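Scroll down for the structure; my scribbles are underneath it.
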Amino acid sequence: MQKRDATTKIKAFAEFNSYWQNMEAQNNNKLESRGIEEKFQNLLTFFLYHMCRILLNEHDKKVREAAHETLGMIIKYNKATQKARLGPHIKKIFPLWFCSFYDPSPDVARIAIRNFTTAFSEEKQSLLFF
């Protein structure tokens, strides 16, 4: 995610997704779940830091798409496990996430809005803006 080349960044997001899903499977097995929660939190912090940088500076729409797809995967896992891992980070990422609703690329905007509707119920969506 720290590379300059767009193709390498997209591959990094794919690798991150794969790693996250492997950890998710380990957590579901409960056999190796010790310390996994801390790993999830560290990975989430790492991803969100780089996501914010990418949303601000990246010109390639495919990279921004990959960032939002990864965020969507994290949101779905967060909702499925009923854990508030993403909650403490919302203040930091929401302004950039909201700006992505109006991204020049319709695909990026669509994914950002889909993630928003997945993450928050209609009641909470209205509370975010008022």
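Are there any pairs, at least 6 apart or on different chains, whose C-beta atoms fall under 6 Å, with the first in the stretch 85-112 and on the phi < 0 side of the Ramachandran plot and the second assigned to a loop (DSSP other than H, G, I, E, B) and modelled with pLDDT of 90 or more, and if so, which?
Close Cβ pairs satisfying both conditions: ALA109/PHE101; ALA109/ASP103; ALA112/PHE101.
Could you pull out every one of the helices (runs of 4 or more DSSP H) wholly within the stretch 1-118 that has 1 or more residues that are touching an Asp or Glu at 6+ places or on another chain (Cβ under 7 Å), crowded, with 18+ Cβ neighbours inside 10 Å and modelled with pLDDT under 90?
Once the helices (runs of 4 or more DSSP H) in the stretch 1-118 are filtered for at least 1 residues that are touching an Asp or Glu at 6+ places or on another chain (Cβ under 7 Å), crowded, with 18+ Cβ neighbours inside 10 Å and modelled with pLDDT under 90, what remains is 61-81.
The values are calculated or read from the model by the stated rules, or taken from the named source; none is laboratory data. None of these values were measured; they are calculated from a predicted model. Positions of Cβ are backbone-derived with ideal geometry, glycine not excepted, and every protein chain shown enters the neighbour counts.
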